[in-house]
Amino acid sequence: EAGVAQSPRYKIIEKRQSVAFWCNPISGHATLYWYQQILGQGPKLLIQFQNNGVVDDSQLPKDRFSAERLKGVDSTLKIQPAKLEDSAVYLCASSLDQARGVVGELFFGEGSRLTVL
Amino acid sequence: QKEVEQDPGPLSVPEGAIVSLNCTYSNSAFQYFMWYRQYSRKGPELLMYTYSSGNKEDGRFTAQVDKSSKYISLFIRDSQPSDSATYLCAMSTGTASKLTFGTGTRLQVTL
């Protein structure tokens with residue numbers, strides 16, 4: 001079974017530039033998450049999708065971050081304009097519906113590491 | 001005060017040692033408790049999952065939850081160099097609720 005795919009793995013940009021990250025979840029997983037992991041910290045949820053709909057985006061800085069999930073499968077996270085403090089690893093994760101899976105079992109991709117100069 | 005507190009380490013132990021990793025939390029509504037393992041430059045992977053209080057054992061790993069003290073632990077017996085990773089505790093209030101992660105404890109098991 002293929003895991004969660006993310007690209008690009010690494011990205012370096014200057015502040016005020018824009019960047020986009022792509023995620024392809026595990027086939028059949030209805031729920032998709034974007035997490036931000038700053039060095040030395042645990043992952044912080046940015047946005048959670050259930051199929052096409054947004055379940056939780058309370059911690060997404062909506063003035064600069066946006067995300068969409070096309071046709072309930074792939075997802076894109078965009079940052080525009082980027083700030084220095086956005087330097088982090090952006091992790092995409094997916095999970096089965098809670099009725100079928102283990103509660104709290106998220107399958108993470110390897111992440112996209114962003115450096116903002 | 002953070003909702004979930006975890007000592008970042010690093011924690012260095014010799015091969016074969018028993019390792020104890022811990023988290024404390026402040027939100028009494030947390031019901032589901034998880035431990036994730038994260039190797040360098042990889043995404044986290046679920047290691048253990050427990051519901052409410054009690055113990056759960058899986059091979060060399062034991063997870064304990066003490067809700068009265070708002071304290072969870074992960075024990076690793078006979079630690080191996082391959083256990084060297086960052087261990088993240090995570091918690092949620094319900095089956096569809098978001099996970100709140102600790103900062104992670106970096107563990108190094110030396111030969």
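The values are calculated or read from the model by the stated rules, or taken from the named source; none is laboratory data. Values in this document were obtained by computation on a predicted structure and should not be read as measured data. We place every Cβ from the backbone using ideal geometry, glycine too, and count neighbours over all the protein chains shown. Ligands, DNA and RNA are stripped out before the accessible areas are found, and what is left, the full protein with its side chains, is counted by its heavy atoms. Shrake-Rupley method; radii C 1.70, N 1.55, O 1.52, S 1.80 Å.
Kindly work out what percent of the DSSP beta bridges joining two residues of the protein assembly as shown are antiparallel, to the nearest 5.
Numbers: 72 of 80 bridges.
Antiparallel bridges: around 90 percent, rounded to the nearest 5.
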Long-range amide H partners of residue A:3, meaning residues 5 or more apart or on another chain whose placed amide H is closer than 5 Å, are none
Scoring the range B:3-69 by relative contact order with C-alpha pairs under 8 Å, at least six apart, yields a percentage of 21 percent
Candidate cut points under trypsin sites (Lys or Arg not before Pro) in the range A:58-117, DSSP loop plus at most 12 other Cβ atoms within 10 Å of their own Cβ, are A:62, A:83, A:100
Gyration tensor on Cα atoms of chain B, a ≥ b ≥ c root eigenvalues, a/c under 1.5 rounded, else prolate if a/b beats b/c, else oblate, says prolate
Relative contact order of chain A (C-alpha contacts under 8 Å, at least 6 apart) in percent is 37 percent
Ordering A:39, B:107 by the accessible surface of their heavy atoms, 1.4 Å probe, largest first, yields A:39, B:107
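DSSP loop chymotrypsin sites (Phe, Trp or Tyr not before Pro) in the range B:37-72 with at most 13 other Cβ atoms within 10 Å of their Cβ, which ones?
Within the range B:37-72, the qualifying chymotrypsin sites (Phe, Trp or Tyr not before Pro) (loop, at most 13 other Cβ atoms within 10 Å) are B:39.
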Surpassing 25 Å at the alpha-carbon level, of the pairs B:42/B:67; A:15/A:71; A:62/B:98; A:11/B:2; B:2/B:98, are B:42/B:67; A:15/A:71; A:11/B:2
Candidate cut points under GluC sites (Glu not before Pro) in the range B:14-104, DSSP loop plus at most 15 other Cβ atoms within 10 Å of their own Cβ, are B:15
Expressed as a percent, the accessible surface of chain B that is carbon or sulfur, using a 1.4 Å probe and the full set of protein chains, is 47 percent
Which of B:67, B:42, B:98 fluctuates most in a GNM of chain B (C-alpha springs under 10 Å)? That residue is B:42
Between chains A and B, total accessible area buried, probe 1.4 Å, no ligands or nucleic acids, nearest 100 Å², roughly 1700 Å²
Note to self: C-alpha centroids of the range B:32-111 and the range A:31-76 sit apart, in Å, by 23 Å
Expected max-MSF residue from B:53, B:68, B:26 in the GNM of chain B (alpha carbon, under 10 Å) is B:68
If every Lys and Arg gets +1 and every Asp and Glu gets -1 at its Cβ, then about the Cα centre chain A yields a dipole, in debye to the nearest 20, of 360 debye
Amide H proximity to residue A:17 below 5 Å, modelled H, separation 5+ or other chain, gives A:82
To the nearest Å², the heavy-atom accessible area per residue of the protein assembly as shown with 1.4 Å probe amounts to 48 Å²
